[in-house]
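FYI, it's all coordinate maths here, none of it is from the lab. Predicted model, so just to flag it, every value in this text is computed and none were measured. Counting neighbours? That spans all protein chains shown, and the Cβs are built from the backbone with ideal geometry, glycine included.
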């Protein structure tokens, strides 16, 4: 009895779908402390404990990283997926998010490789212009400017090349 994934991506999905385990008793104590003023010892200001989505009578010990639904210990054990999720649709949504992040990483690496190539190409053209300026236009400013551009583009190309080789960008 799964529920459809929400149309707007919740916060857990925006964070990459990492498994966010929430221990409700700890959260109750922490929220209770922050809501309590220093002179009051009342305990009625604790928030209500999160309940399991499937078993409403049982207190939740974890939350689905995609939709935020509470999960009891039985649901956590019954999930049987590599990532903690309340339903198959949430597990599939987390998998899609992970694939999207992988695709973005690969596109970023390809973009860095293309940028390195164009920096090397422009560095060679600027270096060639500096050599031509040396022989044809004896202008110190033009020679230094084109040689400086070639140097900056060469360093940028090296930086992009190194960035594209990193495993975890």
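In the frame of its principal axes, region 87-169 has Cα extents of 74, 15, 15 Å, reported largest first. List the residues of region 87-127 whose backbone N lies under 18 Å from a point placed 7 Å from the Cα of residue 162 along the Cα-to-Cβ direction. Taking a point 7 Å out along Cα→Cβ of residue 162, the residues of region 87-127 whose backbone N falls under 18 Å are 109, 112-120.
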